[in-house]
Structure formats: C-alpha cells, structure tokens
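I have placed the structure first, in the form of structure tokens, so that the comments after it can refer back to it.
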Amino acid sequence: QIFDLSNACLGFLNGLVTLGAMIDAGQIKSGLVVAGENGRPLVERTIQHLLNTPLDRNGIKPFFANLTIGSGAVGAIVCHEDLLPAGPKHRLRGGAYLSATQHSALCQGDTAGEALQMETDSEQLLIAGVEVARQTWAQFEQETGWHRTTPDHFVCHQVGSAHRRKLYETVGLDLAKDFSTFETLGNTGSAALPTALALAVDRGVLKNGQKAALLGIGSGINSLMLAVEW
C-alpha cells in the first residue's frame, strides 16, 4: 500500500505509529515512512507580502513564524523484529497522544497558487501548546512506565528557543538532555523531529542501548510522544 498521512508537524510520527500498528496486526512485515518539507515557497511568499503590504507591528506578527521555516526530508524503515539482523535493535516501545482542537485557529495554512500561505498566533500557540504537552506527558508516563528521569535523551519537534525553554520548564524535563537542530535548520515541519533524531545518532549523541523520548507538538493542537529504545 502507498498512502499519505497529513497532520501538520506530526505526520511522520503518525506514520511510525501507523506502520507499527499494521505490523502488530499482521498486515505487513515492514514499511517505509518518508516526509519532505519545502519551505522556500512559503518564505518567499511571506517576504513578498511583507514588502508589498503596509503593516504595523501587530499586522506583521502573524507572519513572523513563517520566516523560521526550513526545508528537509527524512525516511525510516519500521519492521517486525524477525526481519532484523543480529545485534542492537532499535525498538518503538509505545507512547501517548492528545488533541486539543479548540486551538485549531492559532496556526492555519492554505495553498495560494503554487505557494503555501500561513498565519500563526505564536504567543498563544506557545501557551496552549506547552499545556497540551504537559497533559500528554502525564499520559505518556502512565502508558510507558517511564518517568522524567528515564530517558537518556529528549528529541522534540524543533520550533525555536522560546518554545524549547518553555516546554521543558512546564513539563519538568531536563533541558540538558535535549538535542536541538532549529539553530541551523529552522522549523522543517514534519521532518524536524526525525531529522534531529537522525543527527543525534550520526553525531554519537544517542547511542545503542539508550532510551529516547520523542516529543511531538504540532498545530491543531496535537501532541504525540513516543518511547524509543535505541
């Protein structure tokens, strides 16, 4: 089967969960989930809009988040353990998810010709997003048996320094265990978290045998957190 899953910045994580469920159900033995984000059309359209439209400070604010968008692509294979060779095995152990759709208007995007148009209430999205994350983490602990000190590393959806700091303060997690990429890559949407995970492995930060908590928070607002044993 070939099909699309779209859920703002959480599409890739939803793909991992979907493949895992299909494997557990015996429908498939393995699957490939991929995500690609092209931020250039949105950034260029935003710049043109700001240049051509007289806006005051409040008029500019809904478009500011657009200028942090980056481009990236990532893929991952999920398979039944019977197909794995001998040696270390990377396991998806479980997780938790939560939706708070009363906040769906805080970040909205639509197509405008060949480009994407997006407006974001960044301040309110930050406040509401970290609260949804706090509630999701509580469910995550119940589902997985993990606690705040269990993960060796945290890999979060990459937005920016303010969101990162507020998230870890609100949930009560150790910021020193976070691996971030937004400083150089920006917000690459659904590719952001898995790209950060891959780079953490490539750079020797996340090692075999360690535990990682993948913290996904996206527009909608939706949150999906997964426990991975690397």
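A few comments on the model shown:
- Heavy-atom accessible area for Ile47, with the other protein chains in place and a 1.4 Å probe, reaches approximately 70 Å².
- Here the Karplus curve 6.51 cos²θ - 1.76 cosθ + 1.60, taken at θ = phi - 60°, turns the phi angles of region 68-73 into couplings of 9, 6, x, 10, x, 8 Hz, with x standing for Gly and Pro.
- Sorted peptide list for 67-78, 189-200, criterion being average Cβ within 10 angstrom, highest first: 189-200, 67-78
- Most mobile listed residue (Gly129, Gly109, Gly95) in the chain, GNM with C-alpha springs under 10 Å: Gly109
- Accessible-area ranking of Tyr97, Tyr168, largest first, probe 1.4 Å: Tyr97, Tyr168
- From helices alone, the chain scores -11500 deg cm²/dmol at 222 nm; the rule is -39500 (n - 2.57) for each run of n ≥ 4 DSSP H residues, then divide by the residue total.
- Debye intensity ratio I(q)/I(0), log10, the chain, q values 0.10, 0.17 Å⁻¹ (C-alpha model): -0.47, -1.30
- Region 40-146: GluC sites (Glu not before Pro) in DSSP coil with no more than 13 other Cβ atoms inside 10 Å: Glu114
- Relative contact order of region 76-187, defined on C-alpha pairs under 8 angstrom at six or more residues apart (%): 23
- Checking every one of the trypsin sites (Lys or Arg not before Pro) in region 1-67 against DSSP loop status and a limit of 14 other Cβ atoms within 10 Å picks out Lys29.
- Most mobile listed residue (Gly94, Gly11, Gly216) in the chain, GNM with C-alpha springs under 10 Å: Gly94
- Calculated log₁₀ intensity ratio I(q)/I(0) where the Debye formula runs over C-alpha points of region 73-131, q = 0.14, 0.15, 0.19, 0.21 Å⁻¹: -0.73, -0.77, -0.86, -0.92
- Computed in the context of the full set of protein chains, the accessible area of region 67-149 at 1.4 Å probe radius has 49% of its extent on carbon or sulfur.
- Computed from phi, the 3J(HN,Hα) profile of region 31-44 under the Karplus parametrisation 6.51, -1.76, 1.60 (θ = phi - 60°) reads x, 10, 10, 10, 9, x, 10, 10, x, 4, x, 5, 5, 5 Hz, with x in place of Gly and Pro.
- Using a Gaussian network model of the chain in which every pair of alpha carbons under 10 angstrom is joined by a spring, one finds that among Leu51, Leu32, Leu185 the greatest mean-square fluctuation is at Leu51.
- Lysine pairs with alpha-carbon atoms under 28 Å apart, the chain, spacing 8 or more or separate chains: 12
The values are calculated or read from the model by the stated rules, or taken from the named source; none is laboratory data. On a predicted model such as this, the values are computed, not experimentally measured, just so you know. For neighbour counting, all protein chains shown are included, and Cβ atoms are generated from backbone atoms with ideal geometry for every residue, glycine included. Accessible surface areas use protein heavy atoms only, side chains included; no ligands, DNA or RNA. Shrake-Rupley method; radii C 1.70, N 1.55, O 1.52, S 1.80 Å.
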